[in-house]
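One structure is given below, encoded as structure tokens.
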2 protein chains.
Amino acid sequence: MKLKSLREAQHSGVGDFLRGSLQLAADNALHAPAKDCAALRAVLTERAREICDIRADLAPLANLLERWQTEVNRISETELEDFRWRAAEAAMALLDASKTAVRDVAMNVARVISKGSTVLTHGPSSTIREAFSALAERGVQAIVTESRPACGGWTLAGKLARWGVSTTLITEAQIGVFVRRADCVLVGAERIMADGTIVNRVGTYLVALAAHDQGVPFYVCCETFKRHTGRVEACEFPESDPSEIGSPPAEGVTVRNVSLDSTPAWLVTGWINEKGLVPLLEG
Amino acid sequence: MKLKSLREAQHSGVGDFLRGSLQLAADNALHAPAKDCAALRAVLTERAREICDIRADLAPLANLLERWQTEVNRISETELEDFRWRAAEAAMALLDASKTAVRDVAMNVARVISKGSTVLTHGPSSTIREAFSALAERGVQAIVTESRPACGGWTLAGKLARWGVSTTLITEAQIGVFVRRADCVLVGAERIMADGTIVNRVGTYLVALAAHDQGVPFYVCCETFKRHTGRVEACEFPESDPSEIGSPPAEGVTVRNVSLDSTPAWLVTGWINEKGLVPLLEG
């Protein structure tokens, strides 16, 4: 795992990205050049900062790496190879805990969603992918948005169909037409703010508004770890490269590519996490 | 004007398409092969039916051609060339009336929108294009959705920029992020149902929901002619070719391309038509 491939991992959802960052931290622990334990500790701190800088706005990333560094700081500086191994192990333990959490969320999703339901989803999310793998045997149908410009919806739709889930692929503009044909909406989350605001792939807010207007339950599915507990932050998100969407058709046109939006808690029916289905503001 | 180019005219909005149908009717009147007036009348009726079949769901199209045929039926069957000329003239008179109505709507839009406003728009509409040409000198800024898959937003954005309107181009998914940066939303309409439901390019309903949630005024701009007065019809719309969006990524995936949606009257702030800004249900 390199910094470059970690940046690309963002396209398949923030969960994969966070786990990738732990994988990279473990790789650094094992392979970063250093003459002794103190030097390695300094290099790992520097590299962790580089990882955090990929998404400086993403508090769960900083929290996760901070948690890992706390563990690393507890390791005594004796033998270099032993230090490397124990630092890597600490990262892998956090990674395993995250994978277990995702599986638990997916199992809880399968408990909440009735057999034969039609489920609409939007935005890349490893948790949603995992949930559908658990739902595939329960005869659910999927409606998946393409999620332009990265178009992760196309990959997800192909995967679901191969698992035997009858899948409909739509443009974002058709969300309002198709949400009324769904029994519920399931989305992942990049993070949940202290006030219950969901931060997720741009367009999630529109799905939530349409689901609310049509009386369709709207569930957010993610690990408790993604919940911020601190103060409510301003929701200004970094912008992706506009050329992913296209070149301006004329001078005087600015193409914008904001990739996240925020959905207020009142539009969310419930939060499915490791514990089960819980009210968003008490999870 | 041929049937084929008329079908393509739909991409730039239903107003252009309706006016194109009158242009085609006039061309048919002048050039369709016929040995006498009675034969020509029969040919024109047949051709008008072909035009209506392009969009059998579009009542304003049937109404317009019916109105024209009523005029044609009043023409006495004397000299063939004279008959041709009068039938064509009847179509052109309706076309001129439609152009005048669009200009009047655009002027009324320019009266309603304050100088320096930021206006968000979605979907192709000749009325909106005309309105922006009237607004260009008033220092407005535009936020335009790309309107995938036909992507008429790219053409409109280029046109606005060349008129000196500072223009932002966004994907449909970003509507919720950008609507709060707009002072108002302006959309055209393919038609307005008897109960005030707006039928327009798919995604309009999402724009209206977001505008309502953010407290941004949402205006529909179109000629009174597009208002249905009859019973409320079911809103099942014809579907466009899914290959415009892309090929299914796997067997078991169905790509859908519904190109219209309906927006209920309660989400609409007002209707700007030839008379001015009027409440939607009293226009």
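The values are calculated or read from the model by the stated rules, or taken from the named source; none is laboratory data. The model shown is predicted, which means the values in this text are computed figures rather than measured ones. All Cβ positions, glycine included, derive from the backbone under ideal geometry; neighbour counts span all protein chains shown. Accessible surface areas use protein heavy atoms only, side chains included; no ligands, DNA or RNA. Shrake-Rupley method; radii C 1.70, N 1.55, O 1.52, S 1.80 Å.
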Task: Peptide A:20-33, shielding by other chains (average Cβ, 10 Å cutoff) - done: 0
- [ ] Whenever you get a sec, compute what percent of the accessible area on the range A:98-246 sits on carbon and sulfur atoms (1.4 Å probe).
- [x] 45 percent
Open item on the list: For chain B, take the longest principal axis of its alpha carbons; what is the angle in degrees between that and the long axis of helix B:204-214, to the nearest 10 within 0 to 90?
Closed with: 30 degrees
- [ ] Return the aspartates and glutamates within reach of A:K35: Cα separation strictly under 18 angstrom, same-chain partners fewer than 8 residues apart disregarded; answer none if there are no such residues.
- [x] A:D27, A:E46, A:E77, A:E79, A:E81, A:D82
- [ ] Starting from a label point 7 Å past Cα on the Cβ side, list the distances from A:P264 to the same position in the other copies, nm, shortest first.
- [x] 1.9
Task: DSSP beta bridge pairing in the range A:127-283, given as percent antiparallel to the nearest 5 - done: 45 percent
Task: Long-range HN-HN contacts of B:H228 with modeled amide H, under 5 Å - done: B:I192, B:M193, B:A194
- [ ] Sort the following peptides by mean Cβ neighbour count (other Cβ atoms within 10 Å, averaged over residues), highest first: A:195-204, A:76-85, A:254-263.
- [x] A:195-204, A:254-263, A:76-85
Task: At 7 Å out from Cα toward Cβ: B:C52 inter-copy label distances (nm, ascending) - done: 7.1
Task: Cα centre as origin, Lys/Arg/Asp/Glu Cβ charges: the range B:89-180 dipole, Debye - done: 300 debye
Task: Global geometry of the range B:131-283, whether rounded, prolate or oblate, following the gyration tensor of its Cα atoms and the 1.5 cut on a/c - done: oblate
- [ ] At most 15 other Cβ atoms within 10 Å and a DSSP loop assignment: could you name the GluC sites (Glu not before Pro) in the range B:180-283 that fit?
- [x] B:E233, B:E236, B:E251, B:E282
TODO: Let me know the shape class of the range B:114-199, please: from the alpha-carbon gyration tensor, a ≥ b ≥ c as square roots of the eigenvalues, rounded when a/c is under 1.5, otherwise prolate if a/b is greater than b/c, or oblate.
DONE: rounded
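How many percent of DSSP beta bridges within the protein assembly as shown run antiparallel, rounded to 5? Please list the in-between numbers first.
Working: 20 of 64 bridges.
Within the protein assembly as shown, antiparallel bridges account for around 30 percent of the total.
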Task: For the protein assembly as shown: accessible area per residue (Å², 1.4 Å) - done: 41 Å²
TODO: Please determine, in degrees from 0 to 90 and to the nearest 10, the orientation of helix A:126-135 with respect to the longest principal axis defined by the Cα atoms of chain A, where the helix direction is its Cα long axis.
DONE: 60 degrees
Task: Shape of the range A:35-97, Cα gyration tensor, a/c cut at 1.5 - done: oblate
Open item on the list: Under 10 Å, Cα contacts only: if you run a Gaussian network model on chain A, which one of A:V112, A:V185, A:V14 comes out with the highest mean-square fluctuation?
Closed with: A:V112
Open item on the list: Let me confirm one metric for peptide A:173-184, namely the mean number of other chain beta-carbon atoms within 10 Å of its residues' beta-carbons.
Closed with: 6
TODO: Grab the DSSP H runs of the protein assembly as shown that are 4 residues or longer, score each as -39,500 (n - 2.57), total them, divide by all residues and round the 222 nm result to the nearest 500 deg cm²/dmol.
DONE: -14500 deg cm²/dmol
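With both bridge residues required to lie in the range B:87-206, what share of the DSSP beta bridges run antiparallel, to the nearest 5%? Before the final figure, lay out each step's value.
Values: 2 of 14 bridges.
About 15 percent, rounded to the nearest 5.
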- [ ] Calculate one ³J(HN,Hα) per residue across the range A:92-99 by plugging θ = phi - 60° into the Karplus curve 6.51 cos²θ - 1.76 cosθ + 1.60, and present them in order as whole Hz with x for glycine and proline.
- [x] 5, 5, 5, 4, 4, 4, 5, 5
- [ ] Tell me the distances, shortest first, between A:G276 and the same position across the other copies, using label points 7 Å along Cα→Cβ, in nm to one decimal.
- [x] 6.1
- [ ] Per residue of B:156-166, count partner chain C-beta atoms within 10 Å of its C-beta, then hand back the mean as an integer.
- [x] 4
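Considering Cα pairs under 8 angstrom that are at least six residues apart, work out the relative contact order of the range B:1-119 and quote it in whole percent. Spell out each step's value before the answer.
On the way: 91 pairs, mean separation 33.4, N = 119.
Rounded, it is 28 percent for the range B:1-119.
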Task: Buried area at the B-A interface (accessible, heavy atoms, 1.4 Å probe, summed, Å²) - done: 3600 Å²
